[in-house]
Amino acid sequence: MTLGEASPFFSLGILVLCPLFKKVAMILNMYHIVVFLSSYFFNIFRHINPRCGMIDKNEQETSVDRKELSEIRGRLGKSQREMAQLLAVSLKAVQSFEQGWRNIPTHVQRQALFLLAMKESKDGGKPCWEIQACPMELKEKCPAWEFQSGHLCWFISGTICQGEVQANWDSKMKICRECKVFHSMLDL
């Protein structure tokens, strides 16, 4: 005796449930299609915007790159774990920065450069306004002058470099990397 013969309602049940099973299968297929398309477009977007998820290995938009961060850590004499503690990030984050898997956030770049400057200051801290011979009208508008931190002008946002305030850290550091003040503090 088959199951259909044992219960006449079984056959009727299959006929009623069959459209339901088709709808469930269709929903599951749609779910897989949505997951596939979202991962596909995520990968496309990631190459357009490297800050989305993993970064594009060909171009990194930071002023301190992965090799420099590793070099700074070495010059500070710190392990990755110790560097993570100093930078207030996880060990995995430091590893990811040094491998180039993640962009190095601005606050991490600034902290790493600051620590290195404090450890390896080459000059006695001659102020930037003396090195650059800034006129008094610029000095009075500059935060480095206001806070008497001319040896840390590269670290302070809002300083007046080349006659104007820079919009962000990366544009500021492009100028600082070419500046005598920065090189008097750091040799990178």
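What follows is calculated from the coordinates using simple rules that are stated; it is not laboratory data. None of these values were measured; they are calculated from a predicted model. Glycine gets a Cβ as well: all are built from the backbone with ideal geometry, and neighbour counts include every protein chain shown.
Quick rundown of the values:
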{"quantity": "Overall form of segment 99-138 per C-alpha gyration tensor (a/c, 1.5; a/b vs b/c)", "calculated": "oblate"}
{"quantity": "Gain in span if fully extended, residue 171 to residue 118, counting 0.36 nm per residue against the direct Cα distance", "calculated": "16.8 nm"}
{"quantity": "Residues 151, 107, 183 arranged by fewest to most Cβ contacts within 10 Å", "calculated": "107, 183, 151"}
{"quantity": "Filter on 119/180; 139/180; 78/174 - keep pairs with C-alpha separation over 21 Å", "calculated": "78/174"}
{"quantity": "Footprinting exposure proxy for 155, 114, 97 (fewest neighbouring C-beta atoms within 10 Å first)", "calculated": "114, 155, 97"}
{"quantity": "Prolate/oblate/rounded call for segment 74-188, Cα gyration tensor, a/c under 1.5 rounded", "calculated": "prolate"}
